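Structure, as C-alpha cells:
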Amino acid sequence: MQSTNQLRQETQCVHSGTFRDEATRGLNTPIFTSSSFEYLDRAEVPYPRYFNTANQETVVAKLCALEHAEDGLVFGSGMAAMSTALMACLGPGDEVVMQDELYGGTHAFATEQFRKLNIGCHFTATSAAAICAAATPRTKLILLESPTNPLLSVLDLKQVADFAKARGILTVIDNTFATPIYQQPIRLGIDLVVHSGTKYLGGHSDLCCGAVLGAQPLIRQVRHMARFLGGSLNAQTCYLLERSLKTLKLRVDQQTRNAGQVAAFLQTQPRVAKVNYPGLPSHPGHGIAKSQMTGFGAMLSFELSSEAGDPKQFMRQLKLIKPALSLGHVETTICSPVATSHSKMTPEARARVGITDRLLRLSVGIEHVDDLVADLAQALR
Ligand SMILES: Cc1ncc(COP(=O)(O)O)c(C=O)c1O
C-alpha cells in the first residue's frame, strides 16, 4: 500500500482515515455514540470535548491527508474553529495583520472582541505587499483568506508565508473557498489552515462544522484552548462529514466547470456591470491563482448594472437558483453579501473594500450548467 501522501486526491477522499471495524468488517467508519469511556489502564481517555474520539480522529485523518497537515481538530462550526485558533495563538499586547476582505463573521469577531482582549488589529488590502508592509515588531499573526469572500480577490500566499517565517510571525488562512482540492496552503508555508466545513467539505446543506489543521506542536496549542472553549463536533456530524468528503473532489470539479461557464456567460451580459471570478483571464488575481491553485473554484460574484433594477427583485425572478445563506453546496445559491455574510461589517468597512448593494454572490452547484445559465438569463431579461 502506498503511503497516504502519495495517493491521488480522489483516492484520499474515499479511503484516508477510515476506521477499520474489526467486529463487523464493514467498509464505513461506525458512528460511536459513547460520550463516556472507561479510563483505567489507558494513557488517554476519549471524550468528545477533548477532541479525541474515534469519529473525530477518523475525519481529521482524511482532512490531514487532503491538506498535507500533520494533525487537526474538527469543530461545531467554522467560526468555532477560527475563534479557537485565534484565541489559542494570541494574547494581550499582540498584534494581528488581517485583510479588510475577509469573511464578515471573522472581520466582526476581530473588530468587536480583540479590543476587549487588548489585541491590536491592522486591516489591509488584499495584496502580499500591503500585508507585509503592515507588519510591526509586535505582529504575532497574519490572518489570510484567498480567494476572498465575496470579491474573490487572490493573494500570493508563498510571498506572505516566506515573509512571516523570516520574522517568526504565525500565518493562518481560511481555505474555505478554495477547498483542499485546489489549494494546500501548508505546502506553501502557511502554518494553520481553517475551514468552515459547513460549506464545500459538507457540501449538501445539511451540516455545520469547522476544522483547524497544521503541524503537531501548533495543533497541540489549539487543542489546549479548544478543550476550554468546548466547540467540538458530535459523532453523527463527524460521520456525515466523512461521508461527504468521499465525493469532495467529484463535486468541486463539477461545480468549478459550471462556474467557469456561468462566469463567461455573465461577462457577456449588458445588465451585468462586473464579474469577479479568478478563472477569468481579465481577473486581476488570475495569474497568481493559476500558479498557486489547481482549479479556480466555484464561487463568483457579480454586480448588476443599474438597468437590471433592484437586486432583490432579480433574485426573486430566479426559478432554480435559490437566494440562500451559506455556500459550497450541491445546489446553486445566490445572496447579497450586504444583507447576509457581510451584514455585521460596518458600511464604511464595506465601502472601503468594494462590497456594494448591487453585488451578488453566486455559489455554483452541480446541476447541468445549461439550466443554470437559462435561469440567470430569464431573470436578467
Ligand atoms: C469563508 C468563510 N469562513 C468562515 C465562515 C464561518 O463558518 P460557519 O458558518 O460554519 O461558522 C463562513 C461562513 O459563511 C465563510 O464563508
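A few points about this structure:
- Considering only PRO180, PRO150, PRO347, the Gaussian network model of the chain with Cα springs below 10 Å gives its largest mean-square fluctuation to PRO347.
- Listed pairs LYS274/LYS344; LYS165/LYS199; LYS116/LYS344 exceeding 21 Å between Cα atoms: LYS274/LYS344; LYS165/LYS199
- Largest GNM mean-square fluctuation across CYS121, CYS238, CYS209, computed for the chain with C-alpha springs under 10 Å, falls on CYS121.
- Footprinting exposure proxy for PHE32, PHE296 (fewest neighbouring C-beta atoms within 10 Å first): PHE32, PHE296
- In the elastic network of the chain, a GNM with C-alpha springs shorter than 10 Å, the most mobile of GLN254, GLN56, GLN159 is GLN159.
- Which of HIS368, HIS286 has the fewest Cβ neighbours within 10 Å, and the rest in rising order: HIS368, HIS286
- Put simply, the convex hull of the Cα atoms in the chain casts, on average, a shadow of 19.7 nm².
- Dipole of the stretch 135-247 [Lys/Arg +1, Asp/Glu -1 at C-beta], most positive-end residue of VAL212, GLN236, LEU170: LEU170
- As a rough footprinting exposure proxy, the listed residues ASP21, ASP191 were ranked by other beta carbons within 10 Å of their own, and the order from fewest upward is ASP21, ASP191.
- Placing +1 on the Cβ of every Lys and Arg and -1 on the Cβ of every Asp and Glu, with no other charges, gives the stretch 4-245 a dipole of roughly 240 debye about its Cα centre.
- Relative contact order, percent, the stretch 4-245 [alpha-carbon distance under 8 Å, six or more residues apart]: 26
- Using alpha-carbon coordinates, inclination of helix 369-380 to the longest axis of the chain, degrees: 50
- Magnitude of the charge dipole for the stretch 248-380, about its Cα centre and with charges confined to Cβ atoms of Lys, Arg (+1) and Asp, Glu (-1), is about 320 debye.
- The mean sequence separation of alpha-carbon pairs under 8 Å and at least six residues apart, normalised by the residue count of the stretch 224-381, gives a relative contact order of 25 percent.
- DSSP bridge pairs, the chain: antiparallel proportion in percent, nearest 5: 55
Here, each number is a calculation from the coordinates, and none is a lab measurement. Given the structure is predicted, the values throughout are model-derived calculations rather than measurements. Using ideal geometry, Cβ is built from the backbone for each residue, glycine included, and neighbour counts are taken over all protein chains shown.
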